[in-house]
Amino acid sequence: MIGGLAAAAVSFALVIAPAAGLPSPLHGYQQDRLTSFLHPSNDPSDASYQVNQSVTAIGSGEKTGRGDNSTQTKLLFLPERHTDFVFAVIGERFGFMGAAFVLSLYALLIWRILRILTLSKNLFGTLIAGGIAAMLMFQILVNVGMTLGIMPVTGVTLPLMSYGGSSVIATFLAIGLLQSIHTQARLSSSTRSRAPTPLLR
């Protein structure tokens, strides 16, 4: 539902409002930033520069990566390589194998969150675990998608990898909540298993 509302808001801002003659709530450069991935060759030196450099970096990594010979990231062709486009650095330095390994670790993290969701003994814990899973999956999808040129560049960080204190702290807080939900579920299960069984008469 939230994704549908976000898509409707973006559609209104970029399509419906300009077509109806209404003033767009976004400036021209903001619209170019959101739509440049649709036509990356139209403005390769400005609006779509980051996307083009990111795709080039990931493609040059091939299967096993270029290691210390990574020109796109090492020679600073790729802007914001330590924050928004850190996945492109992984793709160039470690190639498809390194990128697949990182994505498999994220898949393991999401699976563990969904496991905690099923173990939760109350609705509140279930909703929190589900919200954290949705948050992390959204961040991973958008960040990896924009480095591959299939999503707009929005500045969403890659959890636990992008440089930035607020992003890391928020992710650690979310993981701490998951640990609490898991601990409460285990304590609840152990308490029920130790409860004395009534004698049959």
**Study point:** Filter result (assigned to a loop (DSSP other than H, G, I, E, B), at positive phi and at pLDDT 80 or above) within segment 43-88
**Key:** Glu62, Gly65
Check your understanding: Looking at segment 86-97, is at least one residue among the β-branched types (Val, Ile, Thr) and more than 24 Å from Gln139 (Cβ to Cβ)?
Key -> no
Practice item. Considering every residue within segment 97-104, establish whether at least one is within 30 Å of Ser188 (Cα to Cα) and more than 15 Å from the chain's Cα centre (by Cα). Key: no
Point to revise | Residue list for segment 161-184, restricted to those being closer than 26 Å to Ser48 by Cα and either modelled with pLDDT of 90 or more or open to solvent by less than 70 Å² (accessible area, probe 1.4 Å) (or both) | key: Met161, Ser162, Gly164, Ser167
Review point. In the list Leu109, Leu141, which residue meets the criterion of being closer than 25 Å to Ile169 by Cβ and open to solvent by 90 Å² or more (accessible area, probe 1.4 Å)?
Key: Leu141
Point to revise | Pair list, Cβ < 6 Å and 6+ apart or interchain, from segment 148-177 residues that are more than 22 Å from Arg115 (Cα to Cα) to residues that are open to solvent by 70 Å² or more (accessible area, probe 1.4 Å) | key: Val153/Arg33; Tyr163/His82
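The values are calculated or read from the model by the stated rules, or taken from the named source; none is laboratory data. Worth saying up front: this structure is predicted, and the values here are computed from it rather than measured. Note that we place each Cβ from the backbone using ideal geometry, even for glycine, and neighbour counts take in every protein chain shown. With ligands, DNA and RNA removed, areas are computed over all heavy atoms of the protein, side chains included. Shrake-Rupley method; radii C 1.70, N 1.55, O 1.52, S 1.80 Å.
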